[in-house]
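Note sheet for the following structure.
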Amino acid sequence: MDDVRVPILMYHSVATDPNDATRALSVSPQAFAEQMGVLAEQRLTPVTTAELAACWRTGRPLPPRPVLVTFDDGYEGVHRHALPVLAKHGFIATLFVSTGWLRGPYDTGGGLDTMLDWDQVRELAEAGVEIGGHSHSHPQLDQLDDRALRSELILCKEIVSDQLGRAPASFAYPYGYSSRRVREAVREAGYAQALAVGNDLARRAQGPYALRRVTVRRSTTTAEFERLVQGRAIGRTFAPDRALTKGYAVVRRARQARRAVARALN
């Protein structure tokens, strides 16, 4: 079981005409339908984030050829376009919501495009979609101080619990950014597992709070998608992303260090 590699697909918006802010990470409804068709043709078995983590935590066997379909942020197209396709195939998925971006009583106005409302989130949950947390306002969590970090995690959890009647068990880091401090805070906030990005297949050895995902973009072709779910050529596909990530990590660590010095002096 330790050697099993699982593709966790990271989607954002599913939209015919996304705005500029979400276009690169949006997929068209037609592309999403084709990609779910690929999963069905290859006889992959979608599971939720909670199910994958529970199997790896307890040693319970995974279903044949597992795959995860995950959505970040909470865009309205997940309900309008993705849900009917998932239902057609009998697929389950996980949606990670930024509670301050959703339409309704907690909306901070930060959503990047048309977002889900809470009635739609409840319909998704009733259809078998796991609802996870994605913070409240979608900040870079590793850049926050301890108080603000805890607030983002707890507020998200409390709002989801209030709206759905059950607490979210899974979490996804906004932008994929985390650190040991952030992962510990997520655990202490009561989330049982969390997803990063990393653009690699998930493995048990990564630990329940750093499971990796692969990004599905508007530019992802059907042939490329097939390679991703088969675990082929992932390093080559995401080589530019990894180079940028390493460079930006250096910049962000420097910012953290400057803030720590400033706090110490004040």
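The values are calculated or read from the model by the stated rules, or taken from the named source; none is laboratory data. Bear in mind that the values here come from a model prediction, so they are computed numbers and not experimental data. With ideal geometry, Cβ positions are generated from the backbone for all residues, glycine too; neighbour counts draw on all protein chains shown. Remember, those area values only see protein heavy atoms, side chains included, never the ligands or the DNA or RNA. Shrake-Rupley method; radii C 1.70, N 1.55, O 1.52, S 1.80 Å.
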Which of the residues spanning segment 194-207 are small (Gly, Ala, Ser), modelled with pLDDT of 95 or more and touching a helix residue (DSSP H, G or I) at 6+ places or on another chain (Cβ under 9 Å)?
194, 196, 202, 207
Residue check: is residue 35 touching a helix residue (DSSP H, G or I) at 6+ places or on another chain (Cβ under 6 Å) and outside any loop (DSSP other than H, G, I, E, B)?
yes
Pairing a residue in segment 122-149 that is touching a residue at least 60 places away in the same chain (Cβ under 8 Å) and farther than 15 Å from residue 167 by Cα with any residue that is small (Gly, Ala, Ser) and open to solvent by less than 50 Å² (accessible area, probe 1.4 Å), where Cβ atoms lie under 8 Å and the two sit 6 or more apart in sequence or on different chains, gives 138/98; 138/100; 138/110; 142/178; 142/179
May I ask you to list the residues in segment 63-82 that are surrounded by fewer than 17 Cβ atoms within 10 Å (Cβ to Cβ) and part of a loop (DSSP other than H, G, I, E, B)?
63, 64, 65
Hey, does segment 39-47 have a residue that's without any contact (Cβ under 8 Å) to a residue 24 or more places away in the chain and assigned to a helix (DSSP H, G or I)?
yes
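Against the definition (modelled with pLDDT of 95 or more, open to solvent by less than 30 Å² (accessible area, probe 1.4 Å) and assigned to a loop (DSSP other than H, G, I, E, B)), how does residue 191 come out, yes or no? Let's see the steps before the verdict.
Details: modelled with pLDDT of 95 or more: yes; open to solvent by less than 30 Å² (accessible area, probe 1.4 Å): yes; assigned to a loop (DSSP other than H, G, I, E, B): yes.
The answer is yes for residue 191.
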Tally time: how many residues in segment 83-103 are among the aromatic types (Phe, Trp, Tyr), open to solvent by 10 Å² or more (accessible area, probe 1.4 Å) and within 19 Å of residue 160 (Cβ to Cβ)?
1
The condition from (1) closer than 21 Å to residue 10 by Cβ; (2) in contact with a His (Cβ under 9 Å, 6 or more places away or on another chain) that residue 155 misses is numbered (1)
Out of segment 83-117, which residues are free of Cβ contacts under 8 Å to residues at least 60 places away in the same chain and either part of a strand (DSSP E or B) or acidic (Asp, Glu) (or both)?
95, 103, 107, 115, 117
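Taking the stated definitions as given, is residue 135 open to solvent by less than 20 Å² (accessible area, probe 1.4 Å) and either outside any loop (DSSP other than H, G, I, E, B) or within 30 Å of residue 87 (Cα to Cα) (or both)? Step through it out loud before you land on a result.
On the way: open to solvent by less than 20 Å² (accessible area, probe 1.4 Å): yes; either outside any loop (DSSP other than H, G, I, E, B) or within 30 Å of residue 87 (Cα to Cα) (or both): yes.
Yes.
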